[in-house]
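Any read-out appearing in this document is the output of simple, stated calculations on the displayed coordinates, not a laboratory observation. Just so it is clear, the model here is predicted, and its values are computed rather than measured. Ideal geometry is used to build each Cβ from the backbone, glycine not excepted, and the neighbour counts take in all protein chains shown.
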Amino acid sequence: EWPPYVMLEKEQTSGIQVEIILTLARQLGFDIEIQVVPWKRALMYVEKGNADAVFTPLRNEEREKFMYFTSEPLIIQKLAIVAKKGSGIKATGIDDLKGRSVGVVRGYVYGPEFDNYQGFKSKDVTNDDKQLIRLFSNDRFPMIASSDEGVTKYLCKQAGVEVEVVY
């Protein structure tokens, strides 16, 4: 799940991206099934040929080996690092976050600057965005890497956590 883009409610998929994909499929004459599975599993399904597509992965060299990326993006994601409002954490560059811990989701790509940065105290890995927000709200790590600022703010608001972008 990646609300509000992809959601699963009462075993029905919904959300902005789901509606776009279903509309495109109908217009092209395809009958498709959309399953909501953990991100790492979704990538594995596509790589092994058990699924035809996944939406919306960030492009990187590893994924280009087994995925075709369209020239037009389905959405434009705004990557960010967020902390709880009032945390005092601010950064003008990634090195300003050196020595700090950050929560991430297993299998996500956050962009080369973040993915290759070795200065964090730790990158604490969670299984999905909901677990990431739950652990963050319980102070397991002071910051989280957001694969999409809107998704993160949406989930944090649902969890009653006020956040601010720190980088």
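A few comments on the model shown:
- Among beta bridges that DSSP assigns inside region 1-155, antiparallel share in %, nearest 5: 55 percent
- Globularity index of the chain, i.e. its alpha-carbon radius of gyration over 2.2 N^0.38 Å: 1.08
- Angle in degrees between helix 16-28 and the longest Cα principal axis of the chain, rounded to the nearest 10: 20 degrees
- Under the convention that each Lys and Arg Cβ holds +1 and each Asp and Glu Cβ holds -1, the size of the dipole of the chain around its Cα centre is about 600 debye.
- Cα-based helix-to-principal-axis angle, 39-48 vs the chain, degrees rounded to 10: 40 degrees
- Region 103-167: Rg to Rh, with Rh as the Kirkwood radius over Cα pairs: 0.93
- The count of lysine pairs in the chain that are at least 8 places apart or cross chains, and whose C-alpha atoms lie under 13 Å apart, stands at 12.
- Ranked packing of 68-81, 94-107, most packed first, by mean Cβ within 10 Å: 94-107, 68-81
- Separation of region 67-88 from region 17-65 is 18 Å, based on Cα centroids.
- Of the peptides 161-167, 130-136, 30-36, the ranking by mean beta-carbon count within 10 Å, highest at the top, reads 130-136, 161-167, 30-36.
- Inter-label distance, Ala91 to Ser122: 1.7 nm, where each label sits 7 Å from its Cα along the C-beta direction.
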